[in-house]
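What follows is a set of notes on a single structure, which appears directly below.
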Amino acid sequence: MDQHQTRTIILNEGEPEVKRAAIRDYFHATFTIDERLYESLRHDGAFYLRADRLRHPLIFYYGHTATFFINKLIIARVIEQRINPGFESMFAVGVDEMSWDDLDQSHYDWPTVQAVKDYRDQVRALMDRLIISLPLTLPINWESPWWAIMMGIEHERIHLETSSVLIRQLPLDQVVQLPFWAICQEAGEPPPNQLLPVPGGTVQLGKTRDHPLYGWDNEYGSHQAEVPDFKAAQYLVSNREFLTFVEAGGYRQPQWWKEEGWNWRQFRQAEHPLFWISDHDGWRLRTMAAEITLPWNWPVEVNYLEAKAFCNWKSVLTGQPIRLPSEDEWYRLRDDCQLPDQPYWQQAPGNLNLEYWCSACPVDRFRQGDFFDVVGNVWQWTETPIYPFHGFEVHPWYDDFSTPTFDTRHNLIKGGSWISTGNEATRDARYAFRRHFFQHAGFRYVESSAPVMICDEQYETDQAAILYCEAHYGAEQFGVPNFPRAVAEICLQQMAGRRLDHALDLGCAVGRASFELARGGFRQVTGLDFSTRFFRLAARMQEEGHLRYAFPEEGEIVSFHEVSLDDVGLAEVRQRVSFYQADACNLPEKFRGYDLVLAANLIDRLYAPRRFLATIHERINPGGLLVISSPYTWLEEFTNKDEWLGGYREAGEPVWGLDGLKTALLPRFRLVGEPREVPFVIRETRRKFQHTISELTVWELR
C-alpha cells in the first residue's frame, strides 16, 4: 500500500474477509507513517524537548497513540490483558494543551525512546493478531468491537498532524528533512485575491448511525441552517496578503484584536506569524523540518486570534463587513463547489491526504469550482465554536473526545491540510481547537453582514438542575411512574367535564408537568418557578425542544444526556406553554384567571406558605381547582418554623401538613375526594436514589 495514498475504510459493505484485509493494511500503514514521522527527529534527545511550552514533549505523543489502542480495547472489552499498565497510564491523558495563561509545570519521569519503541512493537503485534482473528460481520457500527479498532487507527492519524506541528516548532538542528516528507518546490507571487459570490441555501449537517464511514461522536445528529448569500475570498489568505497587515503595524495595534487575542499577543510578544523567520536576508519560512525562503504565494499559517485581527483590520480598510466564515457558510461554499468526498475520489481534489506534498503549496494550485483550496493545503479557521448537533450522543468508549470542547472556547477548523488523512479528510469531519492553538491552519475571509450564530449549548452541570432534568425527562426508575406526568394525569382526570382554558404550574422546575397539561387539552399553560436555573432550562426546552446535561455517575465520572420533547411525545404542544420566573408568595398581578393551579412539591420549599395559601384563590376562576402535592419535608433552611403548616406539636398533639392545608384552605375551598399518595424517585448517582412519597390533595374553589 502506498502510504501517501491511504484512505479511510467503508464499513457497511463488502465481503468480511476482504474488509478484514483492508483494515489490516490500513492499520499497518497508519502505524508505519506515525513511526516515520518521528524519524524526522535527529536524535533521541529531541523527544524530550518542549517544542511548545504549553504541551508535553514528543515522547508523550510517541507513546500515546500506541497506548490508546490498548486503553480503548480494554474499555470495549475486546481484550482483557494489558501490555504495560504503567505506560498505559502515563501516556493516557494530557494531550490537549493547557491555557496559554496557565502553564503546566508538571514533572514526568519519561522512559527511554527505546523502551517506548519496544512497547509500540508489542502493541503492533497484538493488534495484528487481533485483526487477523477477531470475528467480523458487516456492517461495522458503534457497538462493534471493530469500531474500537477503527477508533485507534483514526486517532493515530489525528496525531500525525498534531505531532507534526510540534516537530515544526523544534529548533532546526533537532530535526532532519527526509525524502518521505518532501515539501513543495513551487513558489512565487500570488494572484490578487478577490471576493466572489456564494449563493445562499440550505445546509444539512450530521451523520446517521448507518453512515458508511467511521466518525467521531460530534459528527452525528442533525443540524439544518438557511445560509443567506455571501461573498468569499477566491483564495486562502497568502503570506503576501498577510504581510500587508504585518507591515501596517497590525501586531502592535490593539484595536484590531479582541481582548483574548491582545492578551495572547502580549503573552507571546508576537510580531508576525509563528512560522515566519525574519533575518538580515529577509523573510524565511519554517516547514516541518526545513527553513526555506518565504513563499509569498503559499497560505499564511496563523491561529484564530491572528486571523480574526486581520479580518477586523481589513474590514475597516475596505469599509465592508469582512470576517471569518461560519461553519455553515464553509459547508455552503463546499457544497456549491460540488467536491467529491474521501474515500470516493480517484485523486485528492486538493493538497490533502498526503497525496501531493508534505507542506503547503501555492494558493492558486488547486482550483475547485470558482474557488481554490476549499479543501486541502491548510485548515481554515471559522467563527464557530464547536457545539453538539441535535441528537448528539457520547460514545461510551471515548466519552471525553468532544464534550470538553463544548465550552465556546474551541473554534472549528474546516477543510483539512496537506497532512490531514483518514477521517480528517472527509466532508463530515469536525475538529476544533483553542483559539490560540497552532495547527497547519490558515484562513479564508468572507464578506457578509449576516450575524454569526454562536451555539452556546454547554451541558448543564448544576447539580440540582441535573437531578430535575433526569427526574422530569429521564428513564423511570424501579417501576415508579414519572412524577410530573403522573401528577398532570391526576389533574386532567379531576378536570374531566370542566373548562380547559388556562392552567398554572407553580414551581414548574424544568417544565414536564406544564407540557403534559397542554397535551391533556389545556389551551394555554403557564409555568412559573422562582429558581433562575430551573426557569432557564424550562424556557430552553420550550424554545428549542431539547436539553443537555452531564449526569454524575460516580465521583468525577459523568454521563452525557440529551432529552427532547420529541422523545416523550410533547413536541406538538410547545407553542401552548410559556415559562416565567416568579415568586409564588408574591405573584405579579397578571398571573390570574386559571381553571387549574398545580403546586407540585412546592409548599414545603416556600418561605411563606401560609401567605401563599391565603391568596392563591385570587388567581383561580370560580369552580376552578387547586392541586397540591407535597412530602411535607419542613426545613428551616427554606421555611421559618412559624410558617410551617405541619410537622410540629400544638398543645402536645401532632399537627400534620394536611391539617395545616385544611385550616388554610377550607374557608374558600372544598376538598375533592381523599388525599392520595404519589411516589417519586430522584436518581442522584449511578447507585444512589432518593425514593419519596408525596401526598396529593385536590381543592375546588367555592
Discussion item. Test of understanding: what is the full-extension gain from ALA450 to ALA187, defined as 0.36 nm times their sequence separation minus their Cα-Cα distance?
Written reply: 91.1 nm
Worksheet item: How high is the relative contact order of region 463-701, in percent, counting Cα pairs under 8 Å that sit 6 or more residues apart?
Response: 20
Discussion item. I'd like the distance separating the alpha-carbon centroids of region 356-407 and region 119-163, in whole Å.
Written reply: 23
Worksheet item: What percent do you get for the relative contact order of region 16-178 when only Cα pairs under 8 Å and 6+ apart count?
Response: 42
Worksheet item: Looking at the chain, which Cys residues are left with no other cysteine's beta carbon under 4.7 Å from theirs?
Response: CYS311, CYS337, CYS358, CYS455, CYS469, CYS491, CYS508, CYS585
Practice prompt. Can you tell me how much longer the chain between ARG367 and ALA571 gets when fully stretched, taken as 0.36 nm per residue apart minus their C-alpha distance, in nm with one decimal?
Written response: 68.9 nm
Worksheet item: Using r as the Cβ-Cβ distance of GLN122 and SER578, and R0 as 56 Å, what FRET efficiency do you calculate, to the nearest 0.05?
Response: 0.35
Worksheet item: Taking the Cβ-Cβ separation of ILE74 and GLN458 as r and a Förster radius of 35 Å, what is the calculated FRET efficiency to the nearest 0.05?
Response: 0.70
Practice prompt. Could you give the spread of the C-alpha atoms of region 595-702 along their three principal axes, from largest to smallest, in whole angstroms?
Written response: 47, 35, 24
Worksheet item: Rg and Dmax of region 288-400 over Cα atoms: what are they, in angstrom?
Response: 16.9, 50
Item to complete: For LEU666 and SER315, compute 0.36 nm times the residue count separating them, minus their Cα-Cα distance, and round to one decimal in nm.
Response: 119.4 nm
Item to complete: Compute the FRET efficiency between VAL93 and GLN524 as 1/(1 + (r/R0)^6), taking r as their Cβ-Cβ distance and R0 = 51 Å, and round to the nearest 0.05.
Response: 0.50
Discussion item. What distance in nm separates the two pseudo spin-label positions at GLN177 and THR208, each 7 Å out from Cα along the beta-carbon direction?
Written reply: 5.0
Worksheet, complete the sentence: The relative contact order of the chain, taking Cα pairs under 8 Å that sit 6 or more residues apart, comes to a percentage of 11
Discussion item. Run the simple label-point estimate for ASP25 and ASP281 please: 7 Å along Cα→C-beta, distance reported in nm.
Written reply: 4.4
Worksheet item: Any idea how far apart TYR607 and GLN194 come out in nm if each label point goes 7 Å out from Cα toward Cβ?
Response: 6.7
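Values in this text are rule-based calculations from the coordinates and carry no lab data. Bear in mind the structure is a predicted one, so any value in this text is a computation, not a measurement. A quick note on method: Cβ atoms are made from the backbone with ideal geometry, for glycine too, and the neighbour counts reach across all protein chains shown.
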